[in-house]
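These notes concern the structure reproduced below.
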Amino acid sequence: MKYSATVLRRIGGFVTVAGLASLLAGCDVGKTFDGFGWPQGGISQQSEQMYNLWIGSVVAALAVGFFVWGLIFWCVIRYRKRGDDLPVQTRFNMPLEVLYTVTPVLIVAVLFYYTAIVQTDVDKLSAKPDMTVEVVGFKWNWQFNYRDAPGAEAKTVASTLGSTDVIPLLVLPAGKKIRFEETSRDVIHSFWVPELLFKRDVFPGNVRNAFEVTLDKPGRYVGRCAELCGTYHAFMQFELVVVSPERFDQFLAAKVAGGSTPDAMGAIGFTGDQRYAVTTQPFDSRRIDQGWNQSGAVAAGE
Ligand SMILES: [Cu+2]
């Protein structure tokens, strides 16, 4: 029993250290290890939470991993074969049996707790979002409808439609609660902006997937379809342009007045090629030669 007490104390110490490491994880570990495969610096409030959950989970998994690897190597060395004598034949150790049943259950419970908290928050829909944008996926492009209210019956006040030549821009204001409502005209697509650390399927029919984000970093970010939807799935790209609320109002006013998206981009100070998508490079989304989005000659199928 003395032996078991020592082991118990050691495991207790390990759990404490692992817990502390997980707490610190969100701060520096992510940076040091390049986000463990996730893009760093998400651009929405929701992405920060998901990022911290991811880093905490990986650190907890690594802590358990190192502990188990340690035990394996300790057993291999400490109890290696030293002679022909049969080792002491023990059957079971009740405290240890209980411990290695309870500890994993605790670990799963903690992971579940934090996952449920973050997921509930990320999925939360407010009664009155600051603005609503309808995302329409179709083979093989995107349409973004700025709406006057949430819901399928709301009116579209302005619209951006991607074409074979032009990668559509989704211009949105920073610091506002934005509701996305997704629908598809044909097959299942998936709306994905990697920097949001989030994607959600776009369904045809009467399923209208919705989610909300508050964007907090102005800039330009590539968006993609993340659900294999057909021949030109890989070309189904768009660009999210996050601007200040004032500039967004000007952009929307220019669109409502009947301007094209490049015109409206011009109205808020973007010039030349900046009025078109700039982040899908080096991937070329054109499906025909001489698209006016970029210069160059290579087109799909040639
Ligand atoms: Cu698609």
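Worth a mention:
- Members of the range 128-182 found to be within 16 Å of the ligand (Cβ to nearest atom), open to solvent by less than 20 Å² (accessible area, probe 1.4 Å), part of a strand (DSSP E or B) and among the hydrophobic types (A, V, I, L, M, F, W, C), listed by number: V135, V136, W142, F144, L170, F180
- Tally of residues being within 19 Å of L196 (Cα to Cα) and either within 16 Å of the ligand (Cβ to nearest atom) or open to solvent by 50 Å² or more (accessible area, probe 1.4 Å) (or both) across the range 241-253: 0
- Selection status of D263, of a type in the set (D, E, K, R) and modelled with pLDDT of 95 or more: no
- Some residue of the range 254-262 being outside any loop (DSSP other than H, G, I, E, B), among the aliphatic types (A, V, I, L, M), away from the ligand (no atom under 16 Å from the Cβ) and open to solvent by 20 Å² or more (accessible area, probe 1.4 Å): yes
- Within the range 112-126, the residues that satisfy the criterion of being out of contact with any Pro (no Cβ under 9 Å at 6 or more places or on another chain) and open to solvent by 70 Å² or more (accessible area, probe 1.4 Å) are F112, Y113, Y114, I117, Q119, T120, K124.
- Within the range 200-219, being over 21 Å from D130 (Cα atoms) and among the charged types (D, E, K, R) holds for one residue alone: D201.
- Selection of the range 52-102 for residues being hydroxyl-bearing (S, T, Y) and in contact with a helix residue (DSSP H, G or I) (Cβ under 7 Å, 6 or more places away or on another chain) yields only S57.
- Which listed residue is within 21 Å of T214 (Cα to Cα) and modelled with pLDDT of 90 or more, from Q49, Q40: Q49
- Entry remark, the range 197-221: residues being of a type in the set (A, V, I, L, M, F, W, C) and either within 11 Å of the ligand (Cβ to nearest atom) or at pLDDT below 95 (or both) number 4 in total.
- Subset tally (residues that are out of contact with any Ser or Thr (no Cβ under 7 Å at 6 or more places or on another chain) and small (G, A, S)) for the range 135-163: 6
- Residue match in the range 91-98 (condition: more than 30 Å from K255 (Cα to Cα), under 22 Å from the mean Cα position of the chain (by Cα) and free of Cβ contacts under 8 Å to residues at least 12 places away in the same chain): no
The values are calculated or read from the model by the stated rules, or taken from the named source; none is laboratory data. Keep in mind the model is a prediction, meaning the values are calculated, not measured. Positions of Cβ are backbone-derived with ideal geometry, glycine not excepted, and every protein chain shown enters the neighbour counts. The accessibility values were calculated without ligands, DNA or RNA, using every heavy atom of the protein model including side chains. Shrake-Rupley method; radii C 1.70, N 1.55, O 1.52, S 1.80 Å.
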